[in-house]
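For reference, the structure discussed in these notes is given below.
The numbers here are math on the coordinates, done by the rules we state, and not lab data. Note that the coordinates shown come from a computational prediction; the quantities given were computed from them, not determined experimentally. All Cβ positions, even for glycine, are placed from backbone atoms using ideal geometry, and neighbour counts span all protein chains on display.
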């Protein structure tokens, strides 16, 4: 059985994803606790948001680590990392939007969850390895590829929330545009 | 000489781009008008923001129209549209962020500046034409390509604000990743 604190966090993530302006009142209600109980765990909104952020980092960290471990082939690893990023990004899209406002950097700086930085470095290593193998174009710099990867994830989230792209197409399109956009040619696909 | 209203709008765009949380007080001061004069033209913050938005639509509309008219070749047109979008996006990046929060759609719905819709349709026509000519992959849908174009523009703005990609590289990287990402092969580049 989930403990109360975790239940509040999970509920908050669900509710804020739907509507970021939702009140703590609503979070408490949907978690089936009183407002008073909620405040026993979280002093205020920003405290709850921090907990959601930590939850995201742990959860996404685990998914992306799994993606990396799913294969020995760096190209396959990169593809799986993209898909894991898309799944994570959709699940926590309100946090993504929040970060974007804050110039996208606080995400890495704020919290003490070092594993997240680890995952980031591992992904960068995969990209570097593919660049050395001339699979990824060596004209592009690592920071561009990293921002482009994030950009593709944001685009897929928008495609999905605006409903303008069929759900079944989204991941295919994302990998198509990302892989070609970094110079991976069809022969390698 | 610029009239007072226009001067306030231009100043607001500059200030909000630096720091969106800046006060109207600061906008008035930097525009060299009293707070009272500012309020003669704009009832409140949201009224001023609307004026900035209209200004953006007119200004970007003109730049993108110019980009389209710069060539007869749809591929060249598309490249110039991307560059115009990047320039516009950087100039009005605070508005971009604002829209992203609101699910990216209000931008087109809110205002009566129809020319903006026109530019959007023209860009979509160029993409369709290139798809028919098999220059752009016909596996991708128009909504994906359109979101992807916006995503690339957002990525370039982030590259530029975070300072992680050299200013001279940004447009090259953007066109490289966008053009390849929609299936344009090197032979056509």
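List of remarks:
- Its relative contact order, with pairs defined as Cα atoms under 8 Å and 6+ residues apart, puts segment A:1-42 at 39 percent.
- Label geometry 7 Å along the beta-carbon vector: residue A:45 inter-copy distances in nm: 1.3
- Relative contact order of chain B, pairs being alpha-carbon contacts under 8 Å that are 6 or more residues apart, as %: 19
- Helical contribution to [θ] at 222 nm, DSSP H n ≥ 4, -39,500 (n - 2.57), averaged over chain B, rounded to 500: -24000 deg cm²/dmol
- The smallest convex shape that holds all Cα atoms of chain B, its convex hull, gives 134 Å³ per residue.
- Least to most buried among B:180, B:134 (fewest other Cβ within 10 Å first): B:134, B:180
- Nm distances between copies for residue B:34, ranked from closest, using label points 7 Å along Cα→Cβ: 5.5
- Euclidean distance between Cα centres, segment A:37-67 to segment B:122-189, Å: 35
- Of all beta-carbon atoms in chain A, the one sitting closest to the axis that brings chain A onto chain B gives A:181, 2, with the distance in whole angstrom.
- Residue by residue along B:131-141, Cβ atoms of other protein chains within 10 Å of the local Cβ number 2 on average.
- Mean-square fluctuations from a GNM of chain B, with a 10 angstrom spring cutoff on Cα atoms, peak among B:171, B:26, B:50 at B:26.
- Pseudo-label separations to other copies for residue A:70 - Cα-to-Cβ vector, 7 Å, nm: 4.0
- Note on chain B: with a GNM built from Cα contacts shorter than 10 Å, the maximum mean-square fluctuation among B:27, B:135, B:165 falls on B:165.
- Inter-chain shielding of A:164-172 (mean C-beta neighbours from other protein chains, 10 Å cut-off): 3
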